[in-house]
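Since the structure comes first, as C-alpha cells, the remarks are kept for the end.
Computed from the coordinates by the stated procedures, all read-outs in this text should not be read as laboratory data. The model shown is predicted, which means the values in this text are computed figures rather than measured ones. Neighbour counts are summed over all protein chains in view; Cβ atoms, including those assigned to glycine, are modelled from backbone coordinates with ideal geometry.
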Amino acid sequence: MNTQLLSQLIKKEFLLEFRQKSTLAGILVYIVATVFISALCFKKVIQPAVWNALFWVIFMFITVNVSSKSFMQETKGKGLYNYLYYNARTFILSKIIYNMLLMAALSMLTFFFYSWFVGSMVQDFGMFLLALLFSSSAFSGVLSLMSAIASKANNNISLMAILSFPVLMPLLLVSVKLSKHAIDGLAWSVSYKYLLILIMLNIVVVALATLLFNYLWKE
Amino acid sequence: MIKWWKIAAVILILYTLVWGMLAPVPKLNILYETIRNLFYHVPIWFAMIFQMGYSVVFAIRHLSKNDLRSDIISNQAAQTGLFFALPGLLTGCMWAKFTWGTWWTFEDPKLNGVAIAILIYLAYFILRSSIDDELKRARIAAVYNIFAFVMMFVFIMILPRLTDSLHPGNGGNPAFGKYDLDNDMRMVFYPAVIGWVLLSLWILDVKKRLAILTHKKNEE
C-alpha cells in the first residue's frame, strides 16, 4: 500500500467535496434543522438520560445520511478507472479516513448546536469529546462499507439504513454508555473500559472493512 | 435414505423433552423448577448460533472459491438459524415471565443482542432480494454476512460480560456454573445440545437440497 497514493486520494475527496459546496451546505442545514426541531419539540430537556439519547439518535441519523453518499457518486466509468489505478485497500482506506475526518468535524458541530439550542449537561468535556471522536470514527468505518454495499445494490437509500442500523447498534450502545458517564462526570477509572472497547471496535471495523472491500470491488 | 444421525437427533430430542421434565434438579432460590428451561432454551440457542456460524463459514468459502453452491448453503443456513430464533425467543420469554416477572426487558444486553441478531438477518435477506444478478448477489451478501456476524458476536459475547445483566451466566446469576449444573442435569443438557444441533443440520440438509435442485431447474 502506498501512503502517497492514499493521501492523494483523501485530498481528492476533500477537493470534490469543497468544489460541490451544495452537499456540504445541505448537511449543515440538515444538522441545524434537526437540532432546532428537537429543541422546539422538547422545549427544555431536564433528564440527562433523555438529553443523551436524543443526541445520539440525531448523531446516528446524521452520520448515516452523510456517509450514504460516499459511494453513490461513483459512476460506472469512475469505478472502472479507480479499479484500474488503485488497489482496493488504498481506496477503501481513503474513503474511511476521509469519512472519519468529516464525521469528526460534523459531530463537533452537532454537539455545538445541540448544546446551544437544547442546553449542555456534560460535566466531563474531555471524556465526552473522546467518546464523540472514537464513535464517529468507528461509525464511519462501518458506514463506508455499508455505503459500498448499498451502492452495489442499485443505490437504494432505504437499504443503507436497513443494513447499517442493526450493525451500528453495538457501537451506539457503547458510545451512549460512555457519554452518559461523561455527562454524569464519573471518574475515568470507571469508564476507561468502555473507551477501550470503543477503540477495539474501531480496529475491528476498519480491519474488516479493508479486508472485505476487496471482494465487493470486482465486478 | 435415512442416515444414522437423523435417527440420533429424533431419539435425543425425544429423550430430553421427556426426561427434561422428570430429571431431578437442584432446588435453587427464585429459579426452582424453571431451571428445566436449560434443557430447552439453551440448546435451541446453541442450534441457532451453530447455524449462523455455518452460514458465515460458507460465506467465507464462497468468497475464496467463488462457487454458487456455497452461497446457496450460506443462505439456507441463515434461514434455518432465524427459524430457530423463534422457539428460542418463546422459551426465553416464558422463562423470564416466571422468574423476572416480565416477558421482555430492554435493560439486558443478551436480550437486546438477540433482537439485533434477528434484525441483522432480516436485513441480510432484504439485501439478497434487492440484487438480481446471481453472482453479484452471492458476493455482496457474503460480505455483509461476515461483517454482520462479527458485529453480532461482539454484541452477544463480549458486551454482556462487561455490563451488568440479569441473564443467567452473568453477574453471579446461576447458569452453567459449577454450582448449578450437577451430574443429573448434565445427563440431559449435553444430549439436548447435540440433539437440537443435529435437528438443525437435518433441516438445513433438506432445505439445501431443495434449493440446489431449484437452482438447477431454473438454469435449464
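Couplings 3J(HN,Hα) of segment A:191-202, computed from phi: 9, 4, 5, 5, 4, 4, 4, 4, 5, 4, 5, 3 Hz, in residue order, whole Hz [Karplus 6.51 cos²θ - 1.76 cosθ + 1.60, θ = phi - 60°; x for Gly and Pro]. Peptide B:136-144 has a mean of 5 when you count, residue by residue, the C-beta atoms of other protein chains within 10 Å of its C-beta.
Listed values for segment B:86-99 are Karplus-derived 3J(HN,Hα) couplings in whole Hz (6.51 cos²θ - 1.76 cosθ + 1.60, θ = phi - 60°), namely 5, x, x, 5, 4, 5, x, 5, 4, 4, 4, 4, 8, 10, and x replaces Gly and Pro. Using alpha carbon centroids, what distance separates segment A:116-168 and segment A:44-96, in Å? Taking the Cα centre of segment A:44-96 as reference, the centre of segment A:116-168 is 7 Å away.
Placing +1 on the Cβ of every Lys and Arg and -1 on the Cβ of every Asp and Glu, with no other charges, gives segment A:3-217 a dipole of roughly 360 debye about its Cα centre. Each peptide in A:157-165, A:96-104 was scored by the mean count of other Cβ atoms within 10 Å over its residues; highest first, the order is A:96-104, A:157-165. For segment B:138-149, backbone phi angles converted through the Karplus equation (6.51, -1.76, 1.60; θ = phi - 60°) give residue-by-residue couplings of 4, 5, 5, 5, 5, 4, 5, 4, 5, 4, 5, 5 Hz, Gly and Pro being listed as x. Which angle between 0 and 90 degrees, to the nearest 10, do you get for helix A:21-42 versus the longest principal axis of chain A when only C-alpha atoms count? So the inclination is approximately 30 degrees.
Modelled label positions at B:W5 and A:D184, each set 7 Å beyond Cα in the direction of Cβ, lie 4.8 nm from each other. Peptide A:208-216 has a mean shielding of 4, counted as Cβ atoms of other protein chains within 10 Å of each residue's Cβ.
The long axis of helix A:88-117 is offset from the longest Cα principal axis of chain A by roughly 30 degrees.
Highest-first packing order for the peptide set B:208-214, B:61-67 is B:61-67, B:208-214, based on the mean count of other beta carbon atoms within 10 Å. Structure note, pairs B:K65/B:K136; A:K152/B:K208; A:K11/A:K95; A:K76/A:K218; A:K76/B:K216: Cα-Cα distances above 20 angstrom occur for A:K152/B:K208; A:K76/B:K216.
A straight Cα-to-Cα reach below 24 Å connects B:K27 with the lysines B:K97, B:K178, residues fewer than 8 places away in its own chain not being considered.
For peptide B:123-135, the mean count of partner chain Cβ atoms within 10 Å of a residue's Cβ comes to 4.
Could you tell me which of rounded, prolate or oblate describes the protein assembly as shown, using a ≥ b ≥ c as the square roots of the eigenvalues of the alpha-carbon gyration tensor, with rounded for a/c under 1.5 and, failing that, prolate when a/b is larger than b/c and oblate otherwise? It comes out oblate by the Cα gyration axes.
Helix A:76-85 axis versus longest C-alpha principal axis of chain A: approximately 80°, rounded to the nearest ten.
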